[in-house]
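*Asks:* Got a structure for you, written out below as structure tokens; questions coming shortly.
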Amino acid sequence: RALVKSFDSFLPGQSGTFCMEVTEHVVPPSRRVPFRVLGLCGDHLVELVFFNYHKEYIAEALPIGALRWISGKIDLNYGKIQVMHPDYIVSDLDKIPEYETVYPLTAGLSGKIIAKAVHQALPHVPQLPEWLDGPFMKQEGFHPWRDSLIKAHSPKVQEDLSPMHPARRRLSYDELLANQLALLISRQKMKRKRGFKIDGDGHLTGALLTQLPYELTGAQVRVLGEIKNDASSDYKMLRLLQGDVGAGKTIVALFAMLNAVEAGCQSVLMAPTDILARQHFATFKRLCEPLGIRVELLTGREKGKKRDELIEDIKSGNINILIGTHAVFVEDVLYQKLGLVVIDEQHKFGVAQRLALTEKQKGVDLLVMTATPIPRTLALTTYGDMDMSVLDEKPVGRKPIDTRVLPVSKLDEVVQKIYTATTDTCKKTQAYWVCPLDEESEKSDLMAVEKRYAELKNVFGDKVGLVHGKMKGAEKDAVMAEFAAG
């Protein structure tokens, strides 16, 4: 909140502090119009704007003829200095801090309330025993923890605001180190958990291998070896399988699941959406039926008698492989002997969901698949309790993937490119347009999806289909059938 030395060189939109003489109150004709207070700062006209106002407060804080120090976000409009809802209106400059901490807020809490609470708490912070190595502290220029905490909450000069300030770096380092240690402890505890010894004899995986119209890549063979080693040990498997779209993660998962079936266990694959679960079910059923393996599907759409029969067959062990959405881990779904759980697109599920499924039977092996490219260091941080396998080789004949990132301003160009590609009768190209879904704001996201659909329909007409999670199953199926039929 530094003093504004000159409005001629001031950048609008920044916070600043200045002194003004109050000259006029402009009372609005109704509550829909803001209350304005006019004044002078040297030769400059000043306008303070209040939307939710109390006349009594304004009259007391800004009496006509008084000199007042104002601090807040300053805009320059038509030669006027304008401040909407100033943060400070005081007669004494010392009451305005030059630097002020900013905290995340929630409804009903102002920055001043939180800042006051923090500054009341800081004197009570204990001087904890130092947990970092002395020479390392000296090398990095780190301050003790208590001093760093107080400094971060009480900036005095511009340098204190830098993320590279020793106090800020010290606290960041503590946070990351604590996170890594917690993951290591978690990993050790997980590693010590006893699991089933799942050691199949190879009669199903061997039959599947001869049935496939292609050979497995070297990466797939390597990863299957890693999974087999984990499964055949006395400890619980916790493995993250990472591979780009088209790298062949699904077939690796099927081999792992058949290995569990060979050992007398059941396997489950959980997908984040109904559509993806049905795709996996179609693939697995086609490959497993010739092997005499029963594969079934369980999503939120299976109801009544059919669902009851499925649940009974799962419990009795008549179903070898179950594919589904989160419906596979609800309370009444019980397994005879669950040996392996595969989760597709892990980032779509919370840790609680992951645990709920593995708690169905103690010691169950867990294989998590993701196509999201995760650098190794980030993977260790995010999935620190897991071992990692990477499919870094594409099956022969797979087309290369071309990824482009474009700004929203080029949206029209994207639509034009899709139009050119999809109207080329020789290529018969199709396209998915995926709108991101944020579960916290499903309503606004749904509106965004429907808005995009309407916009694309203006260009492509009836060649555009719409699918989203709020639609009925039959509607979704009909649209996807049309898409599959071209």
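The values are calculated or read from the model by the stated rules, or taken from the named source; none is laboratory data. Because the structure is predicted, anything quoted here is derived from the model rather than measured. Cβ atoms come from the backbone with ideal geometry, glycine included; neighbour counts cover every protein chain shown. Just the protein is used for accessible areas: all its heavy atoms, side chains included, with ligands, DNA and RNA removed. Shrake-Rupley method; radii C 1.70, N 1.55, O 1.52, S 1.80 Å.
*Asks:* Specify the angular offset, from 0 to 90 degrees and rounded to the nearest 10, of the alpha carbon long axis of helix 274-288 from the longest principal axis of the alpha carbons in the chain.
*Replies:* Helix 274-288 sits at roughly 20 degrees to that axis.
*Asks:* Something else: Any chance you could get the radius of gyration and Dmax over the Cα atoms of region 125-269, in Å?
*Replies:* Cα-based Rg and Dmax for region 125-269 come out at 24.9, 72 Å.
*Asks:* List the GluC sites (Glu not before Pro) within region 45-100 that fall in a DSSP loop (any state other than H, G, I, E or B) and whose Cβ has at most 14 other Cβ atoms within 10 Å.
*Replies:* Working: sites: E47, E56, E60, E98, E100; in loops: E98, E100.
Of the GluC sites (Glu not before Pro), the ones in loops of region 45-100 whose Cβ has at most 14 other Cβ atoms within 10 Å are E98.
*Asks:* Taking Cα atoms, how many degrees apart are the long axis of helix 304-316 and the longest axis of the chain, rounded to 10 and kept between 0 and 90?
*Replies:* That works out to roughly 70 degrees.
*Asks:* Here's a follow-up. Could you put I70, I401 in order of accessible surface area, largest first, with the 1.4 Å probe and the full protein assembly present?
*Replies:* Listed by decreasing accessible area, they come as I401, I70.
*Asks:* Residues in region 51-83, backbone N under 11 Å from the label point at K95 (7 Å along the Cα-to-beta-carbon vector): list them, ranges by number please.
*Replies:* In region 51-83, the label zone of K95 (backbone N under 11 Å from the point 7 Å along Cα→Cβ) covers 61-62, 68-70.
*Asks:* Using only Cα atoms, tell me the angle between helix 111-121 and the longest principal axis of the chain; keep it within 0 to 90° and round to the nearest 10.
*Replies:* On a 0 to 90 degree scale, this one is about 80.
*Asks:* With a point put 7 Å past each Cα toward its Cβ, work out how far R452 is from L105 in nm, to one decimal.
*Replies:* With each label placed 7 Å out from Cα toward Cβ, I get 3.2 nm.
*Asks:* Now a separate question. What distance in nm lies between label points placed 7 Å from Cα along the C-beta direction at V414 and H85?
*Replies:* Going by the 7 Å Cα→Cβ label model, 3.3 nm.
*Asks:* Same structure, new question: Among the chymotrypsin sites (Phe, Trp or Tyr not before Pro) in region 151-239, which ones are in a DSSP loop with at most 12 other Cβ atoms within 10 Å of the Cβ? Mind listing them? Kindly include the intermediate steps, with their values, before the conclusion.
*Replies:* Details: sites: Y173, F196, Y214, Y235; in loops: F196, Y214.
Passing both the DSSP loop test and the Cβ count: Y214.
*Asks:* In whole Hz and in residue order, list the ³J(HN,Hα) couplings for region 463-480 that follow from phi through the Karplus curve 6.51 cos²θ - 1.76 cosθ + 1.60, θ = phi - 60°; x for Gly and Pro.
*Replies:* Whole-Hz 3J(HN,Hα) from phi for region 463-480: 7, 10, x, 10, 9, 8, x, 8, 6, 6, x, 4, 4, 4, 4, 4, 5, 5.
*Asks:* Oh, and also: Over 27 Å between Cα atoms: which of K451/K476; K228/K362; K306/K451; K73/K156; K306/K476 fall into that group?
*Replies:* Beyond 27 Å: K306/K451.
*Asks:* Now for a separate question. What spacing in nm lies between the two simple spin-label points modelled at S30 and S172, each 7 Å away from Cα in the Cβ direction?
*Replies:* That separation, rounded to one decimal, is 5.1 nm.
*Asks:* How many Å² of accessible area per residue for the chain, probe 1.4 Å?
*Replies:* Value returned for the chain: 59 Å² of accessible area per residue.
*Asks:* Measure off, as a whole percent, the carbon and sulfur share of the 1.4 Å-probe accessible area of the chain, all protein chains present.
*Replies:* After summing per-atom areas, the C and S share lands at 56 percent.
*Asks:* Which of the peptides 414-423, 255-264 is most tightly packed, and how do the rest follow, judged by the mean count of other Cβ atoms within 10 Å per residue?
*Replies:* 255-264, 414-423
*Asks:* A follow-up question, please. Net charge near I64: determine it from the other residues with C-beta under 10 Å of the C-beta of I64, scoring Lys and Arg +1 and Asp and Glu -1.
*Replies:* Once all neighbours under 10 Å are counted, the net charge is -2.
*Asks:* Oh, and also: Amide H to amide H, which residues 5 or more places from M237 or on other chains are under 5 Å from it, using H placed in the peptide plane?
*Replies:* Under 5 Å from the amide H of M237: D365, L366.
*Asks:* Step through the residues of region 318-325 one at a time and calculate ³J(HN,Hα) from phi using the Karplus curve (6.51 cos²θ - 1.76 cosθ + 1.60, θ = phi - 60°), rounding each to whole Hz and writing x for Gly and Pro.
*Replies:* Once rounded to whole Hz, the list reads 6, 9, 7, 10, 10, 10, x, 9.
*Asks:* At a 10 angstrom cut-off on C-beta neighbours, averaged per residue, how do the peptides 268-275, 11-18 rank from highest to lowest? Before the final figure, lay out the partial values.
*Replies:* Numbers: 268-275: 22.2, 11-18: 14.8.
By packing density, highest mean first, the sequence is 268-275, 11-18.
*Asks:* Can you pull the Rg over Rh of the chain, Cα-only, Kirkwood?
*Replies:* 1.09
*Asks:* To the nearest 500 deg cm²/dmol, what mean residue ellipticity at 222 nm is calculated for the chain from DSSP H runs of n ≥ 4 alone, each contributing -39,500 (n - 2.57), summed and divided by the residues?
*Replies:* -12000 deg cm²/dmol
*Asks:* In addition: For L184 and I150 in one chain, what is 0.36 nm times their gap in residues minus the Cα-Cα distance, to one decimal in nm? Walk me through the intermediate numbers first.
*Replies:* Numbers: separation 34, 0.36 × 34 = 12.24 nm, distance 2.95 nm.
Using 0.36 nm per residue and subtracting the Cα-Cα distance, I get 9.3 nm.
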